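Peer 1: Quick one: this structure, given as structure tokens, is what I'll be asking you about.
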Amino acid sequence: MFDKNSVLSVRELNLAAKNLIEGGLPLLWVRGEISNFVSAASGHWYFSLKDEAAQVRCVMFRHKSQYLDFRPANGMQIEVQALPTLYEARGDFQLTLEKMRPAGLGALFEAFERLKARLEGEGLFDAERKRDLPQLPKQIGIVTSPQAAALRDVLRTLANRMPNVPVVLYPTPVQGVEAGQKIAQAIATANRRAECDVLIVCRGGGSIEDLWAFNEEVVARAIAASAIPVVSGVGHETDVTIADFVADLRAATPTAAAQAVVPDRQALRQHLAQQHQHLARAALRQFEQRMQQLDYLQRRLVHPAQRIRQQAEQLDSLQRRLRLAQGSSLQQAQWRWQTASQRLCRQRPDMVQRRERLAVSARRLNSAMAVYLARQDARLLALHQQVQHLDPQQVLARGYSLVRDAAGRVVTSSAAIAVGDNLQLTFARGGAEVEVQETHKAL
């Protein structure tokens with residue numbers, strides 16, 4: 001904020017006013033009449049927007065104006081979306097335009113968008129429901145006004161491309177209050193009569209009000225319910241209607257619609273000529289291949305008598321080979337038999353020599369066995385005598401006795417017993433129990 005006593009330059013004043021205007025006024029729509037329209041060499045547009053009581057300067061720069069589908073003119077009522085601002089260099093209040101449309105179209109655009117969104121939500125625009133057009137229609141139907149220039153364009157195009165295809169006109173107004181209802185009735189009539197393979201719904205270019213009949217819901221639903229494929233050719237390339245979205249094919253112009261429903265006769269003739277050439281070349285190649293195959297088979301073809309002679313010669317050759325093979329096989333078998341006999345003779349043992357060797361071995365085995373048994377008997381006797389010497393019974397027989405205490409332990413010292421202990425005595429024959437009356441220490 002500036003102090004009331006501050007002294008500002010003109011630039012500072014204009015800059016403060018600009019910031020105040022741009023900060024206080026948002027992007028908004030303004031309606032008025034064009035006056036003093038100037039199109040600069042740069043492509044920018046300058047004009048005043050006025051009403052009965054006031055006017056305001058406007059500027060629309062080239063990067064915005066180039067997308068408009070109409071040319072502004074003095075006296076035209078328009079609606080602009082603009083940002084209020086102040087041009088500092090001259091201190092002029094002005095509107096910098098973002099969008100421009102003829103006045104009164106705002107409601108139509110809103111109605112267009114609402115209907116488009118609703119029908120799209122119902123699936124009327126889905127690509128899956130679009131049908132292919134017949135390649136060669138037997139008869140073509142046109143829904144348009146008999147006085148429309150678009151009809152003449154369509155008929156001329158059809159006559160140039162395929163003049164032998166009949167055309168049926170379903171006349172209807174294409175502009176006016178009840179035009180939408182009449183167009184829908186014409187589409188229904190064409191379907192009821194079922195005399196055409198494809199249907200063109202068309203009219204020439206115009207403003208959005210002129211084309212509005214093709215944005216009505218009744219027309220959209222008539223196209224969607226049509227059993228006949230529908231091509232929409234409404235307006236110019238930049239014009240888009242609800243009918244374009246619902247139709248099976250959208251053509252940019254009525255002439256393009258006519259080009260879409262029938263092929264070009266000259267192109268078909270050229271294609272047919274090319275196919276004829278391809279077929280002729282293919283037939284010639286097939287014929288040449290068959291002739292070559294016939295020559296090959298002819299070379300392989302032999303007279304029956306010659307074939308019999310060849311087979312007889314082949315049979316004689318096989319017989320000779322068989323005899324040679326049999327003789328060779330017999331000779332080889334004899335050689336194998338002789339070789340096996342010789343090997344068998346070499347492998348057969350000398351039985352007399354083997355018996356003599358066996359008798360000698362038996363005698364040597366008996367002699368060795370007798371010597372071995374004698375040695376084992378002597379060893380066994382010596383061991384028996386040793387065992388006899390170690391037998392405790394033999395020791396007892398020599399007058400010794402075995403002394404055990406009451407627990408059965410062998411007593412080997414007088415220190416292990418006391419007076420009054422009971423002892424068990426074992427002799428060579430029998431035993432006795434005694435009581436100790438006196439003990440003697442070992443010497």
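The values are calculated or read from the model by the stated rules, or taken from the named source; none is laboratory data. Predicted model, so just to flag it, every value in this text is computed and none were measured. Note: ideal-geometry Cβ built from the backbone for every residue, glycine included; neighbour counts use all protein chains shown.
Peer 1: Do we have residue 220 as assigned by TED's automatic domain parsing to the domain that holds residue 243, touching a residue at least 60 places away in the same chain (Cβ under 8 Å), out of contact with any Ser or Thr (no Cβ under 6 Å at 6 or more places or on another chain) and not in a strand (DSSP E or B) here?
Peer 2: Judged against the criteria, residue 220 is a match.
Peer 1: Among the residues of segment 80-114, write down those that are of a type in the set (Asp, Glu) and within 20 Å of residue 238 (Cα to Cα).
Peer 2: 98, 110, 113
Peer 1: List the helices (runs of 4 or more DSSP H) that sit entirely inside segment 95-196 and contain at least 3 residues that are touching a Ser or Thr at 6+ places or on another chain (Cβ under 9 Å), surrounded by 12 or more Cβ atoms within 10 Å (Cβ to Cβ) and not assigned by TED's automatic domain parsing to the domain that holds residue 60.
Peer 2: Per the criteria, 149-161, 179-193.
Peer 1: Can you pull out the residues in segment 53-67 that are under 14 Å from residue 43 (Cα atoms) and either touching a Phe, Trp or Tyr at 6+ places or on another chain (Cβ under 6 Å) or not aromatic (Phe, Trp, Tyr) (or both)?
Peer 2: Once the filter is applied, which keeps residues that are under 14 Å from residue 43 (Cα atoms) and either touching a Phe, Trp or Tyr at 6+ places or on another chain (Cβ under 6 Å) or not aromatic (Phe, Trp, Tyr) (or both), segment 53-67 yields 59, 60, 62, 63, 64, 65, 66.
Peer 1: If you check residue 255 against the conditions, is it assigned to a helix (DSSP H, G or I), without any contact (Cβ under 8 Å) to a residue 40 or more places away in the chain and among the hydroxyl-bearing types (Ser, Thr, Tyr)?
Peer 2: It is false that residue 255 is assigned to a helix (DSSP H, G or I), without any contact (Cβ under 8 Å) to a residue 40 or more places away in the chain and among the hydroxyl-bearing types (Ser, Thr, Tyr).
Peer 1: On to the next question. Looking at segment 237-250, can you tell me whether even one residue there is part of a loop (DSSP other than H, G, I, E, B), surrounded by fewer than 20 Cβ atoms within 10 Å (Cβ to Cβ) and without any contact (Cβ under 8 Å) to a residue 12 or more places away in the chain?
Peer 2: yes
Peer 1: Something else now. Could you figure out which of (1) at pLDDT below 90; (2) farther than 30 Å from residue 56 by Cα; (3) under 49 Å from the mean Cα position of the chain (by Cα) isn't true of residue 107?
Peer 2: Condition (2) is where residue 107 drops out.
Peer 1: What number goes with the only condition from (1) on the phi > 0 side of the Ramachandran plot; (2) under 42 Å from the mean Cα position of the chain (by Cα) that residue 235 does not pass?
Peer 2: So residue 235 meets the others, but not (2).
Peer 1: Which residue pairs have Cβ atoms under 8 Å apart, sit 6 or more places apart or on different chains, and have a first residue in segment 113-132 that is of a type outside the set (Asp, Glu) and a second that is assigned to a loop (DSSP other than H, G, I, E, B)?
Peer 2: Final answer for the pair search is 119/125; 129/123; 130/248; 131/229; 131/248.
Peer 1: Select, from 321, 346, the only residue that is surrounded by 10 or more Cβ atoms within 10 Å (Cβ to Cβ), basic (Lys, Arg) and either free of Cβ contacts under 8 Å to residues at least 60 places away in the same chain or out of contact with any Phe, Trp or Tyr (no Cβ under 9 Å at 6 or more places or on another chain) (or both).
Peer 2: Just a single option satisfies the conditions, and that option is 321.
Peer 1: Restricting segment 204-230 to residues that are within 17 Å of residue 189 (Cβ to Cβ) and not small (Gly, Ala, Ser), which is surrounded by the most Cβ atoms within 10 Å (Cβ to Cβ)?
Peer 2: 230
Peer 1: Identify the residue in segment 71-88 that is touching a residue at least 40 places away in the same chain (Cβ under 8 Å) and assigned to a loop (DSSP other than H, G, I, E, B) and, among all such residues, is nearest to the chain's Cα centre (by Cα).
Peer 2: 76
Peer 1: Has segment 13-22 got any residue that is assigned to a strand (DSSP E or B) and acidic (Asp, Glu)?
Peer 2: For segment 13-22, residues assigned to a strand (DSSP E or B) and acidic (Asp, Glu): absent.
Peer 1: Same structure, new question: Report yes if residue 309 is of a type in the set (Lys, Arg), modelled with pLDDT under 85, over 30 Å from residue 110 (Cβ atoms) and part of a helix (DSSP H, G or I), otherwise no.
Peer 2: yes
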